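Down below is the structure, laid out as structure tokens.
Any read-out appearing in this document is the output of simple, stated calculations on the displayed coordinates, not a laboratory observation. Fair warning: this is a prediction, and the values are worked out from it, not measured in the lab. Don't worry about glycine lacking a Cβ; one is built from the backbone with ideal geometry, like all the others, and counts go over all protein chains shown.
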Amino acid sequence: MDLIMLIVEALIIVYLASATMLLIRVIRGPTLFDRVAAVDALSYDLTVFMALLALYTGRLLVATPMILISLWAYALDIYVLKFTEYGEMGE
Amino acid sequence: MTDLQLLLETLKYVGAVLLLLGGFFEITGAIGVLRMPSFFTRMHAVTTSAVGGTVIPLLGIFIVSLTKVELGWSRVYLALLCIASSILILIIAPAGTYALIKAASASKVGERKELASKVEEEPCS
């Protein structure tokens, strides 16, 4: 097997394991902010995971929504900041 | 072996090193998010996992997918996606973390007080 494919296969397992750890933190996080931070890390994790999956399967068009997923996390952060700071969601 | 094949082999190993480095940062960041004691220390692990574990392997995939010639022209599409999203994440991940920490410290989560009291209780050496 090719060296790159071996590394990509190992990295898919690493990203699945770290996604499991982040999901545990999302479920048992004591405050809201812990959950939001873990969801941020989970979405950044998912971005790389989609690119790795596209490279592994050879279907490169799978990785199209990468940018959208990485931008949702930023919108979540900004909405939490607006709601706790100003008490409204803003326009 | 021509010069172009030599260049492709070298770039492939550079991409492999970047991918392995990113995997190390990602797994350490996830362990930190799971095991750190308070919110403000967990945010440090989240930022480490975002910048070290996302931007570096996306650069690695950019290089690796450019060197896989047998995939055809759609490899350029994947490479452009990876470089664009890595630049975006490099900009928005510290900004989002800063916004979240500002929200948490404004709404008085309380863990900062616990940390401060723990520091005060320790005897001075």
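Note on the range B:3-121: Cα Rg divided by 2.2 N^0.38 Å, N the number of residues, gives 1.42.
Per-residue shielding of A:21-32, expressed as the average number of other chain Cβ atoms within 10 Å of the residue Cβ, stands at 4. Across chain B, Cα pairs under 8 Å and at least six residues apart give a relative contact order of 26 percent. Less than 5 angstrom separates the built amide H of B:SER107 from none of the residues sequence-distant by 5 or more or on a different chain. Rg/Rh for the protein assembly as shown (Cα atoms only, Rh after Kirkwood) is 1.06. Amide H contacts for B:LYS68 (H built 1.01 Å from N in the peptide plane; partners 5 or more residues away or on another chain; cut-off under 5 Å): none found. Compute the helix-to-body angle for B:74-106: its Cα long axis versus the longest principal axis of chain B, expressed 0 to 90° and rounded to tens. Helix B:74-106 sits roughly 10 degrees off the main axis of chain B.
From most to least packed by mean Cβ count within 10 Å, the peptides A:78-86, A:33-41, B:97-105 give A:33-41, B:97-105, A:78-86. Tell me the Kirkwood hydrodynamic radius of chain A in angstroms, computed as one over the mean inverse distance between distinct C-alpha pairs. Computed over chain A, the radius equals 14.8 Å. Relative to the dominant Cα principal axis of chain A, helix A:66-86 is inclined by about 20°. Averaged over peptide B:35-46, the number of partner chain Cβ atoms lying within 10 Å of each residue's Cβ comes to 3. For the range A:11-27, the Karplus equation 6.51 cos²θ - 1.76 cosθ + 1.60, evaluated at θ = phi - 60°, returns couplings of 5, 5, 5, 4, 6, 5, 5, 5, 5, 5, 5, 5, 5, 4, 5, 5, 6 Hz by residue, with Gly and Pro reported as x.
Among the lysines of the protein assembly as shown, pairs that are 8 or more positions apart or on different chains and have alpha carbons within less than 17 Å of each other number 4. Take each residue of peptide B:100-108, count the partner chain Cβ atoms within 10 Å of its Cβ, and average: the result is 6.
Using R0 = 41 Å, the C-beta based FRET efficiency linking B:SER38 and B:VAL14 works out to 0.60. 3J(HN,Hα) couplings calculated from phi for the range B:38-45 with the Karplus curve 6.51 cos²θ - 1.76 cosθ + 1.60 (θ = phi - 60°) are, in sequence order, 10, 5, 6, 7, 5, 5, 4, 5 Hz; Gly and Pro show x.
Considering only the other residues whose Cβ falls under 12 Å of the Cβ of B:ARG75, what net charge follows from Lys and Arg at +1 and Asp and Glu at -1? Cβ neighbours under 12 Å give a net charge of +1. Peptide packing for B:77-85, B:35-43 was compared via the average number of neighbouring C-beta atoms within 10 Å per residue; ordered from the highest value, the list is B:77-85, B:35-43. Under 5 Å from the amide H of A:GLY58 lies no amide H of any residue 5 or more positions distant or on a separate chain, with H modelled from the backbone and absent for Pro and chain starts. For helix B:111-121, report the angle its Cα long axis makes with the longest principal axis of the Cα atoms of chain B; keep it between 0 and 90° and round to the nearest 10°. So the helix axis and the longest Cα principal axis differ by about 60 degrees.
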